[in-house]
Amino acid sequence: MAGISSFKDLECWKKGRFLRIRVSEVIKTFPLIEKYELISQMRRASRSVTHNIAEGYGRFHYQENIQFCRTARGSLTELQDQIDCARCEGYIDEKIENELNDMALDTLKILNGYINYLKKIKG
C-alpha cells in the first residue's frame with residue numbers, strides 16, 4: 001500500500017470521516033426528545049466507524065486490524081438501521097436517507113476491500 005503512512009491515508013477512513021461529518025450535520029435537526037436516544041446512537045455509531053479503522057491500523061498484527069475493521073463494518077450497518085429509524089420517525093426525508101445510505105454503502109464497499117486486502121497479505 002504505497003503512500004499509506006497513517007490511518008488518515010486510508011480511503012475507508014476518509015469515506016467514514018465524510019459520513020461522520022454529514023451525520024453530525026443531519027442529527028442537529030432532530031427534535032430534542034431524541035437527544036439521548038437516536039441522536040446519541042447515530043453520533044456514536046458514525047464515530048465508531050472511523051475510531052475502529054484508526055485503532056485497527058495502529059495494531060501490529062493483521063488479524064487484529066481485520067477484527068477492528070469488522071467492528072467498524074458492524075457500526076456502519078448499525079448506522080444504516082438508525083438512518084431507517086430517522087426516516088420512519090419523519091426526522092429526515094427520502095433524499096437525505098438516500099444520501100446517507102449511499103455514503104454508508106460506499107464506505108462499506110471500500111472497507112470490505114481493505115479487509116480483503118489485509119486477509120491476503122496476512123497469509
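Per DSSP H run of at least 4 residues, take -39500 (n - 2.57); add these up for the chain, divide by its residues and hand me the 222 nm value, nearest 500 deg cm²/dmol.
-26500 deg cm²/dmol
Helix 62-88 versus the longest principal axis of the chain: what is the Cα-based angle in degrees, 0 to 90, to the nearest 10?
10
If a paramagnetic tag sat 7 Å from the Cα of residue 60 along the Cα-Cβ line, which residues of the stretch 1-21 would have the backbone N under 15 Å from that point?
none
Does anything in the stretch 1-45 have its amide N under 20 Å from the 7 Å Cα→Cβ label point of residue 95, and if so which residues?
Answer for this model: 19, 21-31.
Relative to the longest principal axis of the C-alpha atoms of the chain, give the angle of the C-alpha long axis of helix 11-27, reported between 0 and 90° and rounded to the nearest 10°.
10
Quick one: angle between helix 38-57 and the longest Cα principal axis of the chain, in degrees between 0 and 90, rounded to 10, please.
10
What does the extension gain come out to for residue 4 and residue 106, with contour length at 0.36 nm per residue minus their alpha carbon separation?
34.7 nm
Each reported figure results from applying straightforward, stated rules to the coordinates on display, with no laboratory input. In this text the structure is predicted, and so the values were computed from the model without any measurement. Cβ coordinates were reconstructed from backbone atoms using ideal geometry, including for glycine residues, and neighbour counts include every protein chain displayed.
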